[in-house]
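Everything below concerns the one structure shown next.
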Amino acid sequence: MKVTVTVNGDEVAADVPDRTLLVHFLRDVAGLTATNVGCDTSSCGACTVLLDGRSVKSCTVLAAQADERSVTTAEGLSDGSGELHQVQRAFRAEHGLQCGFCTPGMVMASVSLLAENPSPTEDEVRTALEGNLCRCTGYHNIVRAVLAAASERRPN
Amino acid sequence: MIPAPFTYRRAASVDHAIELAAGAGEDAKFLAGGHSLMPLMKLRLAVPDTLVDIGRIGELSHISEHDGQVAIGAMTTHDEIARSGVLAASVPLLAQVAGRIGDPQVRHCGTIGGSLAHADPAADLPAVMLALDATLVARGPAGTREIGAADFFLGLFETVLAPAELLTEIRIPKPASAAWSFQKFSKRGIDWAIVGVAVQGGNVGLVNMGSTPLRASVTEQALASGASPEAAAAHAAEGTSPADDLNAPRAYREHLARVLVRRALDEAGTRA
Amino acid sequence: MSILGTRVLRTEDPRLLTDGGTYVDDVRDPELGRAARVTFVRSPVAHALITGIDTSAAKKAAGVIAVLTAADMDDLPPPPPDSGLTGTEGLPFPLGGVWSEPLLAVDRVRFVGEPVAIVITDDRYQGEDAAELVSVDYDPLSVVVGFDRALADDSLLFPEAGTNVAVSTETPAEGTAFDACEVVVERTITNQRLAPVPMEGRAVAARWADEKLTVWASTQNAQIARFILAGAMGLDPAKIRVVAPDVGGGFGAKIGVDRDGLIVAWAAKHTGRAVRWSETRSENLLAMTHGRAQRQIIKIGGNRDGRILAYRLEILQDTGAFLRLGGFLPFLTSLMAAGPYDIAQVQTSYRVIVSNTAPINAYRGAGRPEATAAIERAIDLFAGEIGMDPGEVRRINLVPADKFPFTSPCGATYDTGDYIGALDKVLAGAGYDELRAEQAARRQRGDVRQLGIGLASYVEITAADADGGETARLVVHDDGTATVYTGSSAHGQGHHTAWAMLVEAELGIPMDKVTVIHGDTDLIPGGVGTYASRSLQLGGVAVQKAAVEVREQARALAAEMLEASEADLELDVDRGVWQVRGDPATTTTWAQVAAHAGEAGLAADVNYTDGKPTFPFGTHLAVTEVDTETGQARLIRHVTIDDAGTVLNPVLAEGQRHGGIAQGVAQALLEEMVYDEEGNPVTGTLVDYAIVTAAELPSFELLSSETPAAINPLGAKGIGEAGTIGATPAAQNSVIDAVSHLGVRHIDMPLTPARVWAAISEAREAR
């Protein structure tokens, strides 16, 4: 079937098998490979993107379900100028990534978290990220990155 | 990790959805949020040949209150339920439970109707529906009917819903008592409950103590006869048939049920 | 001031954050063009003869290019002969001969997930469909799961071997070792099977063209992968190029290239088509190698004054269906069995059995976590028996600071250390006395939530294969930039940042002008790669030495250019210019010097080793809260010292410690790869194999300690695995400590709520 998704502001249209997962639409049709597949039971969150502004696991959503809707991936976070998005900057500043494989999904989940809860406590950050698995960092610096990003946004 | 091939159909309305499902035959399934169905399909444990996507049917997504009853559209997401001011005020048990299902990504997609129709006894919402004496409204080729939560769940992943019959609304009588609590025991925050307990007033729902959600009826009777929470909780596992599995032997589940029911009753008592 | 030792943010990150990196499945190299997809058909049974494979239906499915089985592999050389290395004569590396592992299964399967056939299709969706159509007939054989079944030898995985015991060392007689001990404690404990679960699974893409094989692999060692490919495929290594792009975690399980990767590479050559494969998580849990899987009999003896006189460790290692590194791991466990303690008598032995489960291989720590977990449990059991504080018992028995280098009875010579200092700092930093007071108060009140404090002191061996050395090539270009070609192979460790720091520190070329390249055998034909926590102390030192060589070459060139003697030439590292001493106006830049070098270029090649491993050490203290009504344990604090010598970049070192702690705690509290009696994996998805999430962990408290290594100019030891080694026993000990007042002496890992509650119940009943 024909699916049209606005990805990072650009319309991407293609005829794809009905069973195409959104993550494969993004990776193979839209050519955006930052979003990764890390599991097959919707456990790991490496595939997290924003669908109409809210975080979803793109491996558990059909491309058809995203038809005529808008998706933001990690590539779409920076404004195109090459500058990192504020959350990405925080991840770098706090060494919140090592191998980088979970990172796009982790960043998108963090962006969504801060949109819904601009001043989370450490516990709230940890709970909000429990659907995003990381094997390298032990989460310590990821949590610091999210708290730093939140704190940077707060008006003094 | 790829579903077997299927035909995708998008429904524009409830009647259209029923028509599409009825036309496709036995192997059609409704696609709500997809977060119970898609994982099964990706492992090819479910292989429907037709998916009827009901995600764009606006009339299925709403939360309203009137005449002492809260009505929730079946396609309302867990996140919407968790954020609802109406539910926080009127049915806080449901609002809190919905806010802790899975993780944020799951809550943005998963729906109350999808979860209930999936009927996993390890899921949180079915037991909550029992504790709330909810009524489930379904529409199918034979028309519309109302089903009490107590009659809805038949067995493991099995409900009374007929083929092509769609859950449209969940109706919850506004609870008379302010006493409520939800106790969920799992290894990790994101795991399915090893055992869970939903208390609303004198109703005690049990998660994962059998092939369907259950009421701890002996406990409820004890409470009604004036027993203390501790004494009533001692009966929590009676009439249940919990599984023996990787996470818990049967006796451990029974023990947890007693502990969690007591804790739930104690916490509910502080809100009464 | 040198940049070394300062906090420097990673140069890797901007790219990884903005475009998400390029892992094997992301590679869009034109050579891979319209690469076909490989999907594996894997055995659903644990032990069976293959009596027939019918590929006819699969071959007719949509998009199928080929369906291949072992019968098609007639273009490969025969398997390697028996290496003859076993047991005490040498290191028990993978044995050939009767223990050989095929590529696609030939006539027999030995574990669920073993590859039996491959389907090659235009796209991956078609691949999953077609793989279901391959029909294999299995004639079941009696399944061997668990140590006791394996030892019974009534069902043999390798009938020609005559036994399931693949390797065994002599079991030393106890003799009089424990005779003088007032107190002796003995216990059989388990170090359970784990799955490494890197977030990126295994992935390989391959292309055969113009008589050359190009392989992109998610590997920790491109050069070793090439070596393995050459042997397996009967090709001259010069005809093989291996590229490691970004790698999403390895943890030892991606050393070289494994069996499934070899099959994919062969498929490319066999069909003449470019092919690619990225495993699913289910495949990864089934068929990527697992870790640990030891049963240990520990026996510890000493006196009531706290002095330990004897320790004995008998190891049974399950190596799964095939011997990968499984035979070598208990060798390392034995080597490190004594831990950081000065114990007069230490006796070890091991046996390695095969079973119908996935093969065991290295996993973060690779044999050393098992050693530390065993002795740290033994110390606590001994402390409990004599009624002495476990911290005090450790202090009494740790090798004192004035005894280094110290050779343990197991034959390891610990280079430098301050073990008691580490223990004391951690106890002080954690507020040990206050924690014990809080514990006592809760016990007195009979609180439902009890507090447990667990300790682990450890020493570990890094660069165990130091003899292999590491390579570095440094080139300074005539535009003033530099390129480092390193044999090391980062998969999250941040080597590019660290190596650039080394170049800036030595030469004054700013980091943003230094490019680091790794993992391409065309560019770096010689190298070992990253495992065994060897990279900084070998690969990093190699980079520094290359920089020193380049500096001296440049000195001669600059002297020529500035018409001064070499002795008068100075390198101003802060400004990155060469100048004549006493004449700061007369300078020349790196760019100019490199240009002056002309055709010969300004470059150095180093192959470095100091030939010796190093021994980082530390102490971990875990604080857990245990709900005694449910058995649930929650880690609320984790305080550590992990001393790996001089720290080059604290940011990177802390990250390694954090990650190691999380994996270590996860072993203690959550993870286990479980098979049922029929060899079916019970924990086959991430729903059931419980890796730790952010919600189960606190933030960690890392304390500093830097006791330099003596043998390399960076003073560096390896940090990558230390956190894992210390964290597991500390967490295990803390949960047991929380309920020890109820009579619990030991709980096997993982300390799940069900296990903890069962231990509490049993102890209560015993009273």
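The strands (runs of 3 or more DSSP E) found wholly in the stretch C:546-617 and carrying at least 2 residues that are open to solvent by 40 Å² or more (accessible area, probe 1.4 Å) and of a type in the set (S, T, N, Q) occupy C:583-589.
Given the conditions (1) open to solvent by 10 Å² or more (accessible area, probe 1.4 Å); (2) away from chain B (no Cβ under 14 Å); (3) touching a residue at least 60 places away in the same chain (Cβ under 8 Å); (4) closer than 30 Å to A:V12 by Cβ, which single one is not true for A:A115? Failed condition: (2).
Would you mind stating whether B:L60 is closer than 23 Å to B:H108 by Cβ and either touching a helix residue (DSSP H, G or I) at 6+ places or on another chain (Cβ under 6 Å) or within 14 Å of chain A (Cβ to nearest Cβ) (or both)?
no
Can you pull out every residue in the stretch A:142-156 that is more than 22 Å from C:E671 (Cβ to Cβ), touching a residue at least 40 places away in the same chain (Cβ under 8 Å) and more than 14 Å from chain B (Cβ to nearest Cβ)? A:R144, A:A145, A:A148, A:A149, A:E152, A:R153 - these are the residues of the stretch A:142-156 that are more than 22 Å from C:E671 (Cβ to Cβ), touching a residue at least 40 places away in the same chain (Cβ under 8 Å) and more than 14 Å from chain B (Cβ to nearest Cβ). Do we find a residue being touching a Phe, Trp or Tyr at 6+ places or on another chain (Cβ under 6 Å), of a type outside the set (K, R) and crowded, with 17+ Cβ neighbours inside 10 Å anywhere in the stretch B:6-14? Checked against the condition, which is being touching a Phe, Trp or Tyr at 6+ places or on another chain (Cβ under 6 Å), of a type outside the set (K, R) and crowded, with 17+ Cβ neighbours inside 10 Å, the stretch B:6-14 yields no hits at all.
Residue-by-condition table, conditions (1) surrounded by fewer than 22 Cβ atoms within 10 Å (Cβ to Cβ); (2) touching a residue at least 60 places away in the same chain (Cβ under 8 Å):
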{"site": "C:I224", "(1), (2)": "yes, yes"}
{"site": "C:A238", "(1), (2)": "yes, no"}
{"site": "C:G248", "(1), (2)": "no, yes"}
{"site": "C:V275", "(1), (2)": "no, yes"}
{"site": "C:E279", "(1), (2)": "no, yes"}
{"site": "C:M288", "(1), (2)": "no, yes"}
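Scanning the stretch B:84-114 for residues that are surrounded by fewer than 24 Cβ atoms within 10 Å (Cβ to Cβ), free of Cβ contacts under 8 Å to residues at least 12 places away in the same chain and at the interface with chain A (Cβ under 10 Å from one of its Cβ atoms) turns up nothing. Residues in the stretch A:48-82 that are farther than 23 Å from B:I54 by Cβ, outside any helix (DSSP H, G or I), within 9 Å of another protein chain (Cβ to nearest Cβ) and not hydroxyl-bearing (S, T, Y): A:L77, A:G82. Only a single criterion out of (1) more than 23 Å from the chain's Cα centre (by Cα); (2) in a helix (DSSP H, G or I); (3) of a type in the set (A, V, I, L, M) is not satisfied by C:V346, namely (2). Within the stretch B:116-143, the residues that satisfy the criterion of being under 29 Å from B:G23 (Cα atoms), open to solvent by 20 Å² or more (accessible area, probe 1.4 Å) and of a type outside the set (A, V, I, L, M) are B:H118, B:D120, B:T135, B:R139, B:P141, B:G143.
Looking only at residues in the stretch C:146-171 that are touching a residue at least 60 places away in the same chain (Cβ under 8 Å) and touching a Ser or Thr at 6+ places or on another chain (Cβ under 6 Å), the one that is farthest from C:V106 (Cα to Cα) is C:T171. Among the residues of this structure, B:S228 does not count as one that is of a type outside the set (K, R), over 26 Å from C:V448 (Cα atoms) and open to solvent by 50 Å² or more (accessible area, probe 1.4 Å).
Among the residues of the stretch C:654-689, those identified as open to solvent by less than 40 Å² (accessible area, probe 1.4 Å) and more than 10 Å from chain A (Cβ to nearest Cβ) are C:Q667, C:A668, C:L669, C:L670, C:E671, C:M673, C:V674, C:Y675, C:G679, C:P681, C:T683. Taking the numbered list (1) in contact (Cβ under 8 Å) with a residue 12 or more places away in the chain; (2) of a type outside the set (F, W, Y); (3) open to solvent by 10 Å² or more (accessible area, probe 1.4 Å) in turn, C:G387 passes all entries but (1). When C:G250, C:G306, C:G326, C:G272 are checked against the criterion of being away from chain A (no Cβ under 14 Å), under 30 Å from A:C134 (Cα atoms) and of a type in the set (G, A, S), C:G326 stands alone in meeting it.
Applying the condition of being of a type in the set (S, T, Y) and open to solvent by less than 10 Å² (accessible area, probe 1.4 Å) to the stretch A:133-156 and asking which residue is nearest to C:V651 (Cα to Cα) yields A:T137. Scan the stretch C:498-516 for residues that are surrounded by fewer than 24 Cβ atoms within 10 Å (Cβ to Cβ) and within 14 Å of chain A (Cβ to nearest Cβ) and report the count. Number of matching residues: 0.
Mind checking which residues of the stretch B:176-207 are touching a Phe, Trp or Tyr at 6+ places or on another chain (Cβ under 8 Å) and more than 14 Å from every other protein chain (Cβ to nearest Cβ)? Residues satisfying the conditions are B:A198, B:V199, B:Q200, B:G201.
Within the stretch C:618-643, the set of residues being of a type in the set (A, V, I, L, M, F, W, C), open to solvent by 10 Å² or more (accessible area, probe 1.4 Å) and more than 14 Å from chain A (Cβ to nearest Cβ) comprises C:A633 only.
Every condition in (1) over 19 Å from A:I142 (Cα atoms); (2) facing another protein chain (nearest Cβ under 7 Å); (3) in a strand (DSSP E or B) is met by A:V12 except one, and the failing one is (2). The set of residues in the stretch C:1-49 that are part of a helix (DSSP H, G or I), more than 10 Å from chain A (Cβ to nearest Cβ) and open to solvent by 10 Å² or more (accessible area, probe 1.4 Å) comprises C:P30, C:E31. When B:A243 is tested against the conditions (1) within 22 Å of the chain's Cα centre (by Cα); (2) surrounded by fewer than 23 Cβ atoms within 10 Å (Cβ to Cβ); (3) within 20 Å of B:M129 (Cα to Cα), the lone failure is (3).
With a requirement of 1 or more residues that are open to solvent by 40 Å² or more (accessible area, probe 1.4 Å), among the charged types (D, E, K, R) and closer than 30 Å to C:L686 by Cβ, the strands (runs of 3 or more DSSP E) lying completely within the stretch B:15-71 that satisfy it span B:28-31.
Looking at (1) within 27 Å of C:E678 (Cα to Cα); (2) more than 26 Å from the chain's Cα centre (by Cα), which is the one condition that is false for C:G306? Condition not satisfied by C:G306: (1). Can you find a residue that is under 21 Å from the mean Cα position of the chain (by Cα), within 14 Å of chain A (Cβ to nearest Cβ) and open to solvent by 10 Å² or more (accessible area, probe 1.4 Å) anywhere in the stretch C:309-316? Scanning the stretch C:309-316, I find no residue that is under 21 Å from the mean Cα position of the chain (by Cα), within 14 Å of chain A (Cβ to nearest Cβ) and open to solvent by 10 Å² or more (accessible area, probe 1.4 Å), so the answer is no.
The values are calculated or read from the model by the stated rules, or taken from the named source; none is laboratory data. If you're wondering where the values come from, they're calculated on a predicted model, not measured in any experiment. Cβ atoms come from the backbone with ideal geometry, glycine included; neighbour counts cover every protein chain shown. These area figures cover heavy atoms from the full protein model, side chains too; ligands, DNA and RNA do not enter into them. Shrake-Rupley method; radii C 1.70, N 1.55, O 1.52, S 1.80 Å.
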